[in-house]
1. Going through the DSSP H helices of chain A, which span 20 Å or more along their own axis at the Cα atoms while scoring at least 0.0 as a mean Kyte-Doolittle hydropathy?
2. Add +1 for every Lys or Arg and -1 for every Asp or Glu among the other residues with Cβ under 15 Å from the Cβ of B:A230, and state the total.
3. For the pair B:R25 and B:Q63, how long in nm is the line joining their label points, each one 7 Å along Cα→Cβ?
4. Towards the positive end of the charge dipole of segment B:67-317, with charges on Cβ (+1 Lys, Arg; -1 Asp, Glu), say which of B:A203, B:C249, B:V259 has the farthest Cα.
5. Longer than 21 Å from Cα to Cα, which of B:K57/B:K80; A:K12/B:K211; A:K12/B:K216; A:K98/A:K275 are they? Say none if no pair is.
6. Once amide H atoms are built 1.01 Å from N in the peptide plane, which residues 5 or more positions from B:L82, or in another chain, come under 5 Å H to H?
7. Among the helices of chain B (complete DSSP H runs), which have Cα atoms covering no less than 20 Å along the helix axis and a Kyte-Doolittle mean of at least 1.0?
8. Can you sort A:E158, A:E245 from fewest to most other Cβ atoms within 10 Å of each residue's own Cβ?
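Where a number appears in this text, it was derived from the coordinates with a stated rule and is not lab data. Predicted, not measured: the structure shown is a model, and the values here were computed from it. Positions of Cβ are backbone-derived with ideal geometry, glycine not excepted, and every protein chain shown enters the neighbour counts.
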Amino acid sequence: MRRRNLEELFFKFLMVLATLIVGGSFFLIVGTIFYKGAPYMTFDMLTKTPGGGFYIGKEGGILNAIIGSMYVAGGATILGLIISIPVAIYLNMYMDGKKFLSNTLRMVFDVLFGIPSIVYGAFGFLIMVYFGLRASLLGGIIAVTLLVIPILVRTLDEVIRTVPLELRDAALSLGSTRWETAKVVLRAIRPGIITAILISFGRAIGDVAAVLFTAGFSDNIPTSLHEPAATLPLAIFFQLGSPIEEVQGRGYASALILTIVVLIITILSELLVKKFYKHKS
Amino acid sequence: MIGYVILSQSGQPINYYIQLMQRIRLLKDKIISKLMLLFTILSVSLVFIIGIGLYYKSIPVLQNSTWGHLLTSSVWKPLKGLFGFYPYIMGTLWVTGIAIIIALPLCVLTSLYIVEYAHSRVRRILMPFVNLLSGIPPVIFGVWGVLFIIPLIQDHIAPHFVEFSTGYSVLAGGIVLAVMIFPLIVSILNEVLRTMPQELKDASLALGATKWETIKKVILRKALPGIIAATVLAISRAFGETIAVLMVCGNNAVVPHSVFDAGYPLPALIANNYGDMMSIPLYDSALMFAALLLFIIILLFNIISRIILSRLERKMAA
């Protein structure tokens with residue numbers, strides 16, 4: 001009897017320990033980034049482009065990478081939405097009675113979601129070579145769009161599924177066509193669409209492997225789609241590899257900026273989801 | 001509007017008008033539905049297009065060598081056209097293996113604790129942080145690895161086991177990856193464990209088993225398919241992770257023999273060499289072959305775990 005209780009106690013202790021490690025890892029990471037990055041945080045980081053080259057220059061900031069990342073993530077999310085909204089509607093509203101097929105398609109999107117960004121990057125590179133494009137903002141946007149489509153489709157799909165069937169039935173029974181009904185549904189899920197945008201943007205802004213081949217890198221803010229664009233994660237990666245201490249420090253500060261941006265986006269989307277579901281129930 | 005009023009004064013035309021409108025609406029519906037179908041087919045076929053594209057690009061290196069040779073040879077001399085992926089495959093396997101060995105027990109214990117033991121408040125506090133963790137970009141994990149894990153291994157862990165280590169090792173890659181896959185495993189296990197029928201637990205407890213015995217002999221057994229699915233999914237995630245691993249692994253193209261050796265996983269190989277690949281013949285083809293390899297393995301693993309999970313879901317719903 002005592003042995004059994006001891007065993008129980010032992011494993012309960014292990015469980016609490018594991019929970020502390022899993023939960024604590026978040027604080028450990030964010031804490032490390034803050035601790036290392038905060039001393040190097042200056043206003044110049046946000047408002048200036050690097051002086052004297054990102055790799056060796058000790059002056060300036062990473063405005064080029066911030067703007068570049070916004071362009072890439074924003075462009076990819078918009079393009080992704082244009083493709084994903086119709087797909088999510090089609091899966092839910094035009095495939096009645098084809099449950100097996102629609103579920104199979106959902107699984108395909110789950111699988112696409114699981115494909116790593118380096119593969120999307122390599123494939124984006126193939127597309128660019130095929131069309132004779134160079135590493136550019138456009139190339140980066142294309143590769144990241146491919147990356148976010150599965151995320152957007154699955155998020156929107158989940159959101160549309162929370163719309164009560166009665167709403168659709170009411171619209172249909174009043175004589176609306178399926179497309180008119182879809183417009184009603186789209187209006188009902190507006191907060192969900194914003195959540196999907198946030199999730200996709202957050203994923204797009206943090207990704208390196210997809211833009212590595214496709215977007216290139218530049219010390220200037222891109223002015224057209226055909227210019228190479230710096231991105232924040234890539235800037236962090238390059239700066240960290242520099243032998244000069246100041247540049248490494250700027251890398252830490254850049255990491256801090258990216259962490260803060262992504263945390264804000266994630267928290268916003270979590271809050272929206274919570275509000276959305278509270279509203280539903 | 002004016003047209004409508006004029007027409008409606010004589011009874012007949014309004015019928016035409018309504019019919020016309022109806023036809024336009026139906027036509028609109030039809031056109032839009034075809035467009036949506038097109039978008040759906042295009043985005044779904046992405047899986048095939050990627051596979052075919054990568055395979056097409058790998059043909060030159062495959063003609064120059066065979067699958068078996070590419071996968072088992074250790075000779076990597078791009079200038080001579082020799083591409084042996086064995087060290088890179090082993091690097092990937094070591095890093096992934098270490099990550100799973102660390103993450104799986106921790107995540108199973110955590111999920112068991114928050115589902116079976118803890119107050120629901122613990123779950124409500126913990127899960128948002130797990131979600132936040134899953135939102136952190138890979139490159140930040142890499143920075144953390146360089147700043148925290150590498151010194152930890154170099155100064156505190158490695159000296160107990162080996163004479164010298166820079167810290168850049170498959171162990172560092174494994175630890176960073178383990179933390180990266182925490183959220184994935186915990187959230188799936190949470191869902192799986194929460195669907196375990198209460199009657200099953202009650203029956204075991206009523207027979208005098210302690211809570212831990214119930215977990216060990218009933219719940220874990222019943223949840224095994226879910227745990228396997230989560231693990232397979234986590235493996236496929238870890239397989240393809242690029243930048244975080246690249247930053248801490250040392251990137252030395254030899255087969256690692258201990259956890260303190262440097263390794264060179266496949267994704268890091270692709271990421272590190274894209275700059276030179278266009279200037280050396282066959283090199284781009286070899287790197288695309290590496291991407292194809294990753295793609296095939298991850299595709300298979302994903303399909304397996306998704307099938308297990310959707311079966312579980314259906315079983316629970318029934």
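1. Working: long enough: A:2-37 (51 Å, 0.90); A:63-93 (44 Å, 1.65); A:99-114 (23 Å, 0.80); A:117-131 (21 Å, 1.94); A:137-161 (35 Å, 1.76); A:190-206 (24 Å, 1.14); A:245-280 (52 Å, 0.69).
Membrane-span-like by this rule: A:2-37, A:63-93, A:99-114, A:117-131, A:137-161, A:190-206, A:245-280.
2. On the way: positive: B:R194, B:K222, B:R237, B:R306, B:R311; negative: A:D110, B:E191, B:E313.
Taking every other residue near B:A230 into account, the sum is +2.
3. Going by the 7 Å Cα→Cβ label model, 5.9 nm.
4. My answer, from the dipole projection, is B:A203.
5. Details: B:K57/B:K80 19 Å; A:K12/B:K211 10 Å; A:K12/B:K216 12 Å; A:K98/A:K275 32 Å.
Pairs exceeding the cut-off: A:K98/A:K275.
6. B:K77
7. B:46-64, B:86-112, B:170-194, B:224-240, B:283-317
8. Final ranking by Cβ density, sparse to dense: A:E245, A:E158.
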